Amino acid sequence: MRKNLILWAVFLFASSLTFAQSKLSAHWEELTAADFRAAIQQSQGTCLLPFGILEKHGPHLPLGTDLLNVRYAALHAAEQEYAVVFPEYYFGQIFEAKHELGTIAYSSGLQMELLQETTDEMARNGCKKIIIVNGHGGNQHLLPFFAQAQLEKPHDYVVYVFDERVPPSGGPPHKTTVDMHAGESETSKTMISHPELVHGERANSESGADLHRQNLPENLYTGIWWYARFPNHYSGDGSAATRELGEFQMKWWIGAVVQAIRSVKADQESLKLQNEFYEKAQHPLETRP
Ligand SMILES: [Zn+2]
């Protein structure tokens, strides 16, 4: 009996080793070429492009906060619902922080070109469903525009944009009302993803208050609106952050990305409709109304 138990334990140990060896990494850069083939098969061609940025995050959070947090969420989501995750990408829209040290703001044309070539290259390697998981608020107009630009000419893949980072409701009550950048929510999430990089004691060394320095109605947009309201590139109060709020929000974010991956894997329509559209767009004169 005892011998049987030992044999059984050895068998379990050996099979867990085999499993560990055969379990594919979700990190694109960690796969061998042969494993990449298996990864594309296992993910059903579904790949994530977590999109961060390098910009000041108040006086207390690292420059790469958005990149670090979005990768944390995307990689944990891919553990639950397998997808291939593209390496660090931070070439987005951040002109409004050019006055702050550490910001890397690529020109607008390059942002579009680089993103297009990146998704084209991903697709050429089998990623026919690409989910851009956005981690940076300043990309909120760039990414839908990029998705729309996929209709400019035919592509054999679909770009999906997932742009939510904060649960709409629930969780521990918030202590602050202004909370858009390096504030209560983002600081709390970073306490979960990279607690060693959060300098909470510095959070009040600058003001993240809304200065309301523009007197325009809501329906008039200007590029300077953010600077007008938050010249320190800090919106909110990071000292209000807690691990409890961070855990709640991060868990929600990971779950939301998991749901997005599942919905994209199940989507059989978008590519078909794109192809139909591209075909019709070749000869609009013959396209019936
Ligand atoms: Zn941020």
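In the list Thr190, Thr176, which residue meets the criterion of being part of a helix (DSSP H, G or I), within 16 Å of the ligand (Cβ to nearest atom) and not acidic (Asp, Glu)?
Going through Thr190, Thr176 in turn, the sole match is Thr190.
Restricting to the stretch 100-152, and then to whatever is among the aromatic types (Phe, Trp, Tyr) and either open to solvent by 10 Å² or more (accessible area, probe 1.4 Å) or assigned to a strand (DSSP E or B) (or both), can you tell me which residue is farthest from His57 (Cα to Cα)?
Among those residues, the one meeting the criterion is Phe145.
Take the residues in the stretch 39-55 that are open to solvent by less than 10 Å² (accessible area, probe 1.4 Å) and over 16 Å from the mean Cα position of the chain (by Cα), then tell me which one is nearest to Ala77 (Cα to Cα).
Here the answer is Ser43.
Of everything in the stretch 257-289, what is surrounded by fewer than 18 Cβ atoms within 10 Å (Cβ to Cβ) and aliphatic (A, V, I, L, M)? Give them in sequence order.
The answer is Ala266, Leu271, Leu273, Ala281, Leu285.
Of Glu79, Glu88, Glu96, which residue is out of contact with any His (no Cβ under 9 Å at 6 or more places or on another chain), open to solvent by 40 Å² or more (accessible area, probe 1.4 Å) and part of a helix (DSSP H, G or I)?
Glu79
The values are calculated or read from the model by the stated rules, or taken from the named source; none is laboratory data. Treat the numbers as computed from the prediction; the structure is a model and nothing was measured. Quick reminder, even Gly has a Cβ in these numbers, built from the backbone with ideal geometry, and neighbours come from all protein chains shown. The accessibility values were calculated without ligands, DNA or RNA, using every heavy atom of the protein model including side chains. Shrake-Rupley method; radii C 1.70, N 1.55, O 1.52, S 1.80 Å.
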